[in-house]
1. Suppose we filter region 14-38 for residues that are basic (Lys, Arg) and surrounded by 13 or more Cβ atoms within 10 Å (Cβ to Cβ); how many remain?
2. Which members of region 143-177 meet the condition of being in contact with a helix residue (DSSP H, G or I) (Cβ under 8 Å, 6 or more places away or on another chain) and more than 20 Å from residue 82 (Cα to Cα)?
3. Considering only region 39-94, state which residues are more than 30 Å from residue 109 (Cβ to Cβ) and touching a helix residue (DSSP H, G or I) at 6+ places or on another chain (Cβ under 8 Å).
4. Taking residue 113 as meeting all but one of (1) under 20 Å from residue 54 (Cβ atoms); (2) touching a helix residue (DSSP H, G or I) at 6+ places or on another chain (Cβ under 9 Å), write down the number of the exception.
5. Yes or no: residue 130 more than 30 Å from residue 48 (Cα to Cα), without any contact (Cβ under 8 Å) to a residue 60 or more places away in the chain, charged (D, E, K, R) and part of a helix (DSSP H, G or I)?
6. For the structure I just gave you, tell me whether residue 139 is touching a Ser or Thr at 6+ places or on another chain (Cβ under 7 Å) and either charged (D, E, K, R) or assigned by TED's automatic domain parsing to the domain that holds residue 48 (or both).
7. Give me a count of the residues in region 138-167 that are more than 18 Å from the chain's Cα centre (by Cα), crowded, with 17+ Cβ neighbours inside 10 Å and among the β-branched types (Val, Ile, Thr).
Amino acid sequence: MGGGKFMSTTPNKDEAMEAIETLVRYIEKNDGELREGLLDTPKRVIESFDEIYNGYSQDADSLLDATFNAEGYDGIVLLKDIEFHSTCEHHMLPFTGSAHVAYIPVNKIVGISKLARLVELHSQRLQNQERITKCIADDLERVLKPLGCGVVIDAKHGCMQCRGVKKQNSIMTTSSMRGVFFDKNEARMELLQLIKN
């Protein structure tokens, strides 16, 4: 099982809906007709997937291509408490939290909404928290070429809350520090203090 052994091409919408119907029948232990409340569930699920996993239809380079002259600003730019929702690739259960995204510009700044959209781009995929954190930092570093960038994410995971150990209040924190935020302790401490305030 797994590893793409069942299909070698991307399923179309009808095939995807059939797969959801199969899962619904598996969950309900049902080998008969779907009850009324479930008749449109496959269609609704696929429509919601198109929205929830919209990150696959976007790329960071296009998103961050509209930059502005930094006009000599060389302090920290921080957008914090960016709420996000993602889906764990291991159990396909949700995880939600807040991302804090920062950089110190050299020549280029980007509109603040682009930082929030960058978080969305990476969270709207089958993911793990570590990858989201790293990919946001990778994109900022590659496109903006800042003096430094930092990403800190705090999230609660459904796979911890409703199955397995069932811990409701556990929060996972991940971080990726680049440039001066990695090399210089005082810069990192200033960023973490700004996030905390």
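The values are calculated or read from the model by the stated rules, or taken from the named source; none is laboratory data. Predicted model only: the values in this text are computed from it and were never measured. No Cβ is skipped: glycine too gets one built from the backbone with ideal geometry, and neighbour counts run over all protein chains shown.
1. Keep residues of region 14-38 that are basic (Lys, Arg), which gives 25, 29, 35.
Filter again for surrounded by 13 or more Cβ atoms within 10 Å (Cβ to Cβ), leaving 25.
Number satisfying all stated conditions: 1.
2. 143, 146, 147, 166, 167, 168
3. Passing the criteria: 41, 42, 43, 45, 46, 49, 87, 88, 90, 91, 93, 94.
4. Failed condition: (2).
5. Against the criterion (more than 30 Å from residue 48 (Cα to Cα), without any contact (Cβ under 8 Å) to a residue 60 or more places away in the chain, charged (D, E, K, R) and part of a helix (DSSP H, G or I)), residue 130 does not qualify.
6. Criteria not met by residue 139.
7. Of the residues in that region, 1 qualify.
Conditions (1) touching a residue at least 12 places away in the same chain (Cβ under 8 Å); (2) in a helix (DSSP H, G or I); (3) surrounded by 11 or more Cβ atoms within 10 Å (Cβ to Cβ), marked per residue:
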| residue | (1), (2), (3) |
| --- | --- |
| 50 | no, yes, yes |
| 55 | yes, yes, yes |
| 61 | yes, yes, no |
| 71 | no, no, no |
| 75 | yes, no, no |
| 79 | yes, no, yes |
| 83 | yes, no, yes |
| 86 | yes, no, yes |
| 91 | yes, no, yes |
